[in-house]
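The values are calculated or read from the model by the stated rules, or taken from the named source; none is laboratory data. Note that the structure is a prediction, hence the values are computed from the model and not measured. Glycine also receives a Cβ, built like all others from the backbone with ideal geometry; neighbour counts cover every protein chain displayed. For the accessible areas, the whole protein counts, side chains as well, though only heavy atoms, and no ligand, DNA or RNA atoms are used. Shrake-Rupley method; radii C 1.70, N 1.55, O 1.52, S 1.80 Å.
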Amino acid sequence: MTGFIQVVLGGLVDGCVYALIALGMSVVYSISRIINLAQGGFVVLSALTAVSLQQFLGLPPLAIVPIVVVLFAAVLAAVDRIVMVPAAHRATNDRMLLITVGLLQAIGGFVLLVWGNLPYTMQPFTSGAAVTIGGVRIVPQYFWIIGALLLAVAGLWYLLHRTRFGLTMRATAANPSAAALQGIHVGRTRLVAFTLCGAMAALAGTAVIPVTFLQFTTVTSYAVTGFIAAVAGGLGSTAGAVLAGLVLGLLQGVFSRYTSGDLAQVAAMTALIVLLIFRPTGLLGRTSEVRR
């Protein structure tokens, strides 16, 4: 029983990372109707950037987090201005998906070129041995990963429901054309969405790198799991992204423990297909999103 609880805990921690990736995808999709598959790549890129900065600057790992978050918020804002906006004028949303796939592959190649094919990790944010409660081993970094997700969810909720600009974002998500007719600067709203996407990617990457090893091959796996969580939760639904990410992490943790990692990926895809057959909108998606 203790072993099963340990597996569940590890799966939920992984699910927090998947939820952060899916949350960034959902924010961008709700504003621009673009499925950003490159989000998983930016998670790995931000994690490896944090490793290099920590080694170069000699700062504590926790001090590197805000630097990387701000850096990748700016990187994703630049990606929107330089890549996405010009491409959106010439391509449909389906073609934009292919562009994000190409961007994902470019990130993988860049990671391989700069960091090579070796796996990297980083020191935990806080020192101290793992705590054992009832036979279940709890690593202190787990709390930072959970906290990163809670911070992102709380910050996004406050922005959307307690600020005037959040009202602008929700109006743009509901109907971009109508929002533009009301004088809302849709392009600026979209820029903020990509900026938030970059910050969430950096939060996920910097939080998870101390408890795992990342390299260029993990770019695709994070992109796939994040995509599954975003679609399963309902594209554009922030609550659905979090819920689906946690469930996906739990399922993969259980399947990986008692079968294999490859079979866990197959099981996740199968579960997504079955879910979409019976509920095309995803867990918490809206019917209007499907019609679009």
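How many residues, within the range 132-153, are open to solvent by 60 Å² or more (accessible area, probe 1.4 Å) and in a helix (DSSP H, G or I)?
Taking the range 132-153 first, the residues open to solvent by 60 Å² or more (accessible area, probe 1.4 Å) are 132-134, 137, 143-144, 146, 150-151.
Checking which are in a helix (DSSP H, G or I) leaves us with 143-144, 146, 150-151.
The total comes to 5.
Looking only at the range 212-261, count every residue that is closer than 25 Å to V51 by Cβ, among the polar types (S, T, N, Q) and outside any helix (DSSP H, G or I) and tell me the total.
3
What's the number of the condition A173 fails, among (1) open to solvent by 40 Å² or more (accessible area, probe 1.4 Å); (2) modelled with pLDDT under 95?
Going through the list (1) open to solvent by 40 Å² or more (accessible area, probe 1.4 Å); (2) modelled with pLDDT under 95, A173 breaks only (1).
Yes/no per residue for (1) without any contact (Cβ under 8 Å) to a residue 24 or more places away in the chain; (2) over 20 Å from A63 (Cα atoms); (3) touching a Ser or Thr at 6+ places or on another chain (Cβ under 8 Å):
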position: Y120; (1), (2), (3): no, no, no
position: T126; (1), (2), (3): no, no, no
position: V131; (1), (2), (3): yes, yes, no
position: W144; (1), (2), (3): no, no, yes
position: A152; (1), (2), (3): no, no, no
position: T163; (1), (2), (3): yes, yes, no
position: T168; (1), (2), (3): yes, yes, yes
position: A174; (1), (2), (3): yes, yes, no
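From the list F216, F165, F194, which residue is open to solvent by 50 Å² or more (accessible area, probe 1.4 Å), in contact with a helix residue (DSSP H, G or I) (Cβ under 6 Å, 6 or more places away or on another chain) and closer than 22 Å to L76 by Cβ? Write out each step before concluding.
Values: F165 fails: in contact with a helix residue (DSSP H, G or I) (Cβ under 6 Å, 6 or more places away or on another chain); F194 fails: open to solvent by 50 Å² or more (accessible area, probe 1.4 Å).
The conditions single out F216.
Given the condition open to solvent by less than 50 Å² (accessible area, probe 1.4 Å), under 20 Å from V17 (Cα atoms), in a helix (DSSP H, G or I) and small (G, A, S), answer yes or no: does some residue in the range 109-131 qualify?
Among the residues of the range 109-131, not one is open to solvent by less than 50 Å² (accessible area, probe 1.4 Å), under 20 Å from V17 (Cα atoms), in a helix (DSSP H, G or I) and small (G, A, S), which makes the answer no.
Within the bounds of the range 177-189, is there any residue that is of a type outside the set (V, I, T), farther than 24 Å from I107 by Cα, buried (at least 18 other Cβ atoms within 10 Å of the Cβ) and over 18 Å from the mean Cα position of the chain (by Cα)?
Yes, the range 177-189 contains at least one residue that is of a type outside the set (V, I, T), farther than 24 Å from I107 by Cα, buried (at least 18 other Cβ atoms within 10 Å of the Cβ) and over 18 Å from the mean Cα position of the chain (by Cα).
For the range 49-67, enumerate the residues that are surrounded by fewer than 20 Cβ atoms within 10 Å (Cβ to Cβ) and small (G, A, S).
S52, G58, A63, listed by residue number.
Go over the candidates L76, L23 one by one and state the one that is touching a Gly at 6+ places or on another chain (Cβ under 8 Å), open to solvent by less than 20 Å² (accessible area, probe 1.4 Å) and closer than 23 Å to H185 by Cβ.
L76
The rows are residues; the columns are (1) surrounded by fewer than 18 Cβ atoms within 10 Å (Cβ to Cβ); (2) closer than 26 Å to L160 by Cα; (3) modelled with pLDDT of 95 or more.
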site: N36; (1), (2), (3): no, yes, no
site: A47; (1), (2), (3): no, no, yes
site: V69; (1), (2), (3): no, yes, yes
site: D94; (1), (2), (3): yes, no, no
site: L97; (1), (2), (3): yes, yes, no
